[in-house]
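See below for the structure under consideration.
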Amino acid sequence: MQNSCIPAFLSGLSSSEPSESSVVKLSRSDRGLQLIVAWLPRTIAEHTALHSRMIGSHDEHAEVITMTRFTSPETCLRHSFCRGVCLWLSAIILVAMTACPAFAAQVPVPPAAQNPDDEQQAQRMIADIRTLVLPQQKDRAREMIKAFPNTRLAQLAQKLLDEHKLYEAMAAAENEQKRLHTEYVREYWKARYPEGLAPMPAPMRLTNSSSESLLYQVRGPGMEWSSPHTLRIGEAHVFRYPVTLRRITKEGVVEQDLNVGVQYRFVAPAAGGSPTLVW
């Protein structure tokens with residue numbers, strides 16, 4: 001007699017060979033993984049049957065060891081809890097293996113789910129391809145065309161490739177125009193300066209060789225006065241264009257024109273007073 005506490009789908013898993021419903025459909029090369037997946041539910045069923053027979057052996061009216069119907073609520077609850085834990089562990093292991101990218105890549109889509117001539121399914125697969133980056137879209141579309149030739153899915157995949165070719169052709173034309181323009185500009189400047197541009201003069205250097213920090217302003221050609229700059233003792237400021245320097249000293253406001261390529265220094269005069277600019 002079958003135990004009422006044992007689910008019907010587990011009783012069929014205790015046979016020597018796993019049924020089709022108990023084995024996950026995998027590629028033929030994954031025989032080892034098939035055995036693992038098939039072994040787990042079969043082991044659960046065998047363990048449940050063995051435990052049932054052990055309890056049945058204590059029945060003094062039983063002449064042989066058979067599975068008896070358990071009517072005790074505590075017994076049913078205990079066995080239901082054990083089977084529930086085992087089933088949860090089985091589900092977790094299967095979900096973990098399926099979620100693994102390396103495992104999922106080896107599991108083909110069931111043939112029933114691959115109907116490349118179905119319009120909705122083909123559109124859905126193309127929409128999934130469009131979520132990838134551009135190089136992956138092209139590779140995946142070529143794979144679809146190779147795997148399902150002369151189908152609606154292959155037509156949509158080829159359409160996707162043709163769309164990308166149109167944009168690539170337009171980008172190629174723009175890049176060619178940019179290249180021609182760059183060559184024209186280079187030839188123009190080469191013709192105007194056949195010997196090349198004159199080297200830029202050395203920058204202007206302003207060094208504080210005095211014994212105090214200095215505050216000054218500068219103004220380039222066509223510019224306004226800058227905010228005050230602080231030149232600390234021993235430091236140097238560099239300018240690559242001519243400027244006018246302005247300082248407020250004890251003697252008054254001093255303005256001086258400075259040129260590039262010249263090394264200027266602030267020094268303290270021997271007779272005392274505000275540092276002066278020398279070169």
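The values are calculated or read from the model by the stated rules, or taken from the named source; none is laboratory data. Treat the numbers as computed from the prediction; the structure is a model and nothing was measured. Counting neighbours? That spans all protein chains shown, and the Cβs are built from the backbone with ideal geometry, glycine included.
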Legend entry - Given (1) small (Gly, Ala, Ser); (2) modelled with pLDDT under 95; (3) over 30 Å from Ala122 (Cα atoms), index of the condition Ala236 fails: (2)
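Collect the residues in region 221-249 that are among the hydrophobic types (A, V, I, L, M, F, W, C), exposed (fewer than 12 other Cβ atoms within 10 Å of the Cβ) and over 18 Å from Ala202 (Cα atoms), keeping them in residue-number order.
We begin by selecting, within region 221-249, every residue among the hydrophobic types (A, V, I, L, M, F, W, C); these are 223, 225, 231, 233, 236, 238-239, 243, 245, 248.
If we keep only those that are exposed (fewer than 12 other Cβ atoms within 10 Å of the Cβ) too, we end up with 223, 225, 238.
Met223, Trp225, listed by residue number.
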Legend entry - Inter-residue pairs, beta-carbon under 8 Å, first in a strand (DSSP E or B) and in region 249-272, second aromatic (Phe, Trp, Tyr), 6+ apart: Leu258/Phe239; Leu258/Tyr264; Gln263/Trp279; Tyr264/Trp279; Arg265/Trp279
Inset, instruction - Starting from region 223-236, keep only residues that are aliphatic (A, V, I, L, M), then list their pairs with residues that are in a loop (DSSP other than H, G, I, E, B) whose Cβ atoms are within a distance under 8 Å, requiring at least 6 positions of separation or different chains. - result: Leu231/Ser213; Ile233/Ser210; Ile233/Ser211; Ile233/Glu212; Ile233/Ser213
Inset, instruction - Quick one: count up the residues across region 164-193 that are among the small types (Gly, Ala, Ser) and over 30 Å from Pro135 (Cβ atoms). - result: 1
Inset, instruction - Considering each of Leu245, Leu206, Leu215 in turn, give the residue that is touching a Pro at 6+ places or on another chain (Cβ under 6 Å) and closer than 24 Å to Gly273 by Cβ. - result: Leu215
Inset, instruction - Count, please, the residues in region 250-279 that happen to be surrounded by 13 or more Cβ atoms within 10 Å (Cβ to Cβ), β-branched (Val, Ile, Thr) and within 18 Å of Ser210 (Cα to Cα). - result: 3
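Hey, among Ala202, Ala173, Ala198, Ala191, which residue is of a type in the set (A, V, I, L, M), exposed (fewer than 12 other Cβ atoms within 10 Å of the Cβ), under 50 Å from the mean Cα position of the chain (by Cα) and assigned to a loop (DSSP other than H, G, I, E, B)? I'd like the intermediate steps shown before the answer.
Values: Ala202 fails: exposed (fewer than 12 other Cβ atoms within 10 Å of the Cβ); Ala173 fails: assigned to a loop (DSSP other than H, G, I, E, B); Ala191 fails: assigned to a loop (DSSP other than H, G, I, E, B).
So the residue among Ala202, Ala173, Ala198, Ala191 that is of a type in the set (A, V, I, L, M), exposed (fewer than 12 other Cβ atoms within 10 Å of the Cβ), under 50 Å from the mean Cα position of the chain (by Cα) and assigned to a loop (DSSP other than H, G, I, E, B) is Ala198.
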